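Worksheet for the structure shown next.
Bear in mind that the values in this text are calculations on the coordinates, not laboratory data. Since we're looking at a predicted model, the values are computed, not measured. Methodologically, a virtual Cβ is constructed for each residue, glycine included, from the backbone with ideal geometry; neighbour enumeration extends over all protein chains shown.
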Amino acid sequence: MLNLARIQAITLDLDDTLWPVWPTIHRAEEALQLWLRQHAPGTALAFATPAQRHAVRTAVVEQNPERAHDLSWLRRESIRHALRQVGEDTALAEPAFEVFFAARQQVDLFADALPALQALSRRFPVVALSNGNADVHRVGLGSYFRASVSARDAGVAKPHRAIFAAGAAAVDVAPEAVLHVGDDAHLDVVGALDAGMQTAWVNREGKAWEHPGHRPHSEVTDLAALCRLLGL
């Protein structure tokens, strides 16, 4: 159960907590593919299907395992790798990535997300804490966040405790005084518990808990329920 009196700050996951991520990624990949057809048609053919993109991504990760947490770098280098494979200009990787990245910021918020951000940010300093590469300012939500920490910033991805520690440090609050809110049972909840934080599992789909030895301090169906739980 949450200890409400101890909470001094909120760290908040982004993808699949504030918006559904895969529709956004699919649209961004479609925008990238359209751009490649116009500027690098050979790469467009070699990078057209999910299986092809996965194969390129896997090759890049195998060659650079220490960079696997940095999704922007990984996407850019995957494009560069595909360009190189078919003999097209690898300098096109930069503008191609920017096309993808701009579309990546065009998200469709869950209906409860904006009212919850407004309520949470009035009461607590809120830190975005994400393995992904969404930019809260480009998404249009920057005013609700005191800080933003990504896996790229921290050098590690959730569930590593260092990224949670970085989120707490961003607002100068001890981890035990932070409530971490997220949808992923392992990456968000188990990771935050191991880092000493309180946790709220946003379980929109009614999934069963599958991590013996760990339990979230609270489980909510959406962010409106979280706000009610916090008395906001």
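Mind checking the angle between helix 21-39 and the chain's longest principal axis? C-alpha axes, 0 to 90 degrees, to the nearest 10.
20 degrees
How tilted is helix 93-104 with respect to the longest principal axis of the chain? Cα atoms for both, answer in degrees (0 to 90, nearest 10).
40 degrees
Using a simple charge model, +1 on the beta-carbon of Lys and Arg, -1 on the beta-carbon of Asp and Glu, nothing else, what dipole does region 22-104 show about its Cα centre, in debye to the nearest 20?
160 debye
Stokes-Einstein diffusion coefficient for region 22-104 at 25 °C in a medium of 0.890 mPa s, Rh from the Kirkwood formula over Cα pairs: what value in µm²/s?
197 µm²/s
For the chain, give the magnitude of the charge dipole about the Cα centre (Cβ charges: +1 Lys/Arg, -1 Asp/Glu; no others), in debye to the nearest 20.
For the chain, the charge dipole is close to 220 debye.
Using only the Cα atoms of the chain, construct the convex hull and provide its projected area averaged over every direction, in square nanometres to one decimal.
Its average projected convex-hull area is 12.6 nm².
What is the calculated FRET efficiency for residue 85 to residue 1, with r their C-beta to C-beta distance and R₀ = 45 Å, to the nearest 0.05?
0.25
Does region 102-232 come out rounded, prolate or oblate by the C-alpha gyration tensor, with a ≥ b ≥ c the root eigenvalues, rounded set by a/c under 1.5 and, if not, prolate when a/b is larger than b/c and oblate if not?
Rounded is the answer for region 102-232, as its axis ratio a/c remains below 1.5.
Any idea what angle helix 50-63 forms with the longest principal axis of the chain, computed on alpha-carbon atoms, 0 to 90 degrees, nearest 10?
Between helix and principal axis, roughly 80 degrees.
Would you mind working out the magnitude of the charge dipole of region 107-186 relative to its Cα centre, with +1 at each Lys and Arg C-beta and -1 at each Asp and Glu C-beta, to the nearest 20 Debye?
Dipole about the Cα centre, nearest 20: 180 debye.
Rounded to whole Å and sorted largest first, what semi-axes of the equivalent ellipsoid does the C-alpha gyration tensor of region 183-223 yield via the square root of 5 times each eigenvalue?
Those come to 16, 11, 8 Å.
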